[in-house]
Amino acid sequence: MALQGPIPVTFDMVFPQGCYIVGEVEPVKDFDASTPQRFVQVRDKHTAELVWQVTVMDADPSLKAAQKTVAVKILNPIQPVPPAPMPGLPFTPVEFDHMTVTPYVNQAGRLAYSIKVREMRAPRNNAKPAKNEAA
């Protein structure tokens, strides 16, 4: 099969209604290399970059409560900084660039996806200007 490894996707394919940060950006622990006295951060097996993680809430209203939050892994040499909060919103909207998904079977025997990204940023304004109508 020609399709192997992480599958490239767009932000709109994964989060068509958008998403919001609901946790801190944290380093992902390398459980094999870490000891009780020493924390070792995991590195991506394809790029060798440090892996960070942030929990986001999917804005899709049709999702069940258990499907609303997902961990997004960010590959970056330094800790990514979330976008600034927006006034009047309880959560910070966010978008990701250079996304991939990797399907796997979770401990419950169900299909799940690992989401990895290269960049985290504030959402772009997708509003389109109104068309001028001729009188």
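The values are calculated or read from the model by the stated rules, or taken from the named source; none is laboratory data. Bear in mind the structure is a predicted one, so any value in this text is a computation, not a measurement. Backbone-built Cβ (ideal geometry, glycine too); neighbour counts: all protein chains shown.
Conditions tested, residue by residue: (1) among the small types (Gly, Ala, Ser); (2) under 17 Å from Asp12 (Cα atoms); (3) under 13 Å from the mean Cα position of the chain (by Cα).
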{"site": "Glu49", "(1), (2), (3)": "no, no, no"}
{"site": "Trp52", "(1), (2), (3)": "no, no, yes"}
{"site": "Leu63", "(1), (2), (3)": "no, yes, no"}
{"site": "Ala66", "(1), (2), (3)": "yes, no, no"}
{"site": "Val94", "(1), (2), (3)": "no, yes, yes"}
{"site": "Thr100", "(1), (2), (3)": "no, yes, yes"}
{"site": "Ile115", "(1), (2), (3)": "no, yes, yes"}
{"site": "Met120", "(1), (2), (3)": "no, yes, yes"}
Can you tell me which of (1) touching a residue at least 60 places away in the same chain (Cβ under 8 Å); (2) touching a Leu at 6+ places or on another chain (Cβ under 6 Å) is the one Gln41 doesn't meet?
(1)
How many of the residues in segment 8-47 are under 30 Å from Gly88 (Cβ atoms) and of a type outside the set (Ser, Thr, Tyr)?
15
Starting from residues that are modelled with pLDDT of 95 or more and surrounded by 13 or more Cβ atoms within 10 Å (Cβ to Cβ), keep the ones in segment 1-13 and report whichever is nearest to Ala122 (Cα to Cα).
Phe11
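Can you confirm whether Ile74 is within 16 Å of Arg121 (Cβ to Cβ) and surrounded by 13 or more Cβ atoms within 10 Å (Cβ to Cβ)? If you could, list the steps in order and put the result at the bottom.
Values: within 16 Å of Arg121 (Cβ to Cβ): yes; surrounded by 13 or more Cβ atoms within 10 Å (Cβ to Cβ): yes.
Taking the combined requirement at face value, the residue satisfies it.
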With the first residue restricted to segment 88-115 and required to be without any contact (Cβ under 8 Å) to a residue 24 or more places away in the chain, and the second required to be assigned to a loop (DSSP other than H, G, I, E, B) and exposed (fewer than 11 other Cβ atoms within 10 Å of the Cβ), Cβ contacts under 7 Å at 6 or more apart or on different chains are Ala112/Asn106
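Results for (1) touching a Gly at 6+ places or on another chain (Cβ under 9 Å); (2) surrounded by 12 or more Cβ atoms within 10 Å (Cβ to Cβ); (3) not small (Gly, Ala, Ser), shown as yes or no for each residue.
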| site | (1), (2), (3) |
| --- | --- |
| Phe15 | no, yes, yes |
| Asp32 | no, no, yes |
| Val51 | no, yes, yes |
| Val54 | yes, yes, yes |
| Ser62 | no, no, no |
| Lys68 | no, yes, yes |
| Pro82 | no, yes, yes |
| Pro85 | no, yes, yes |
| Gly88 | no, no, no |
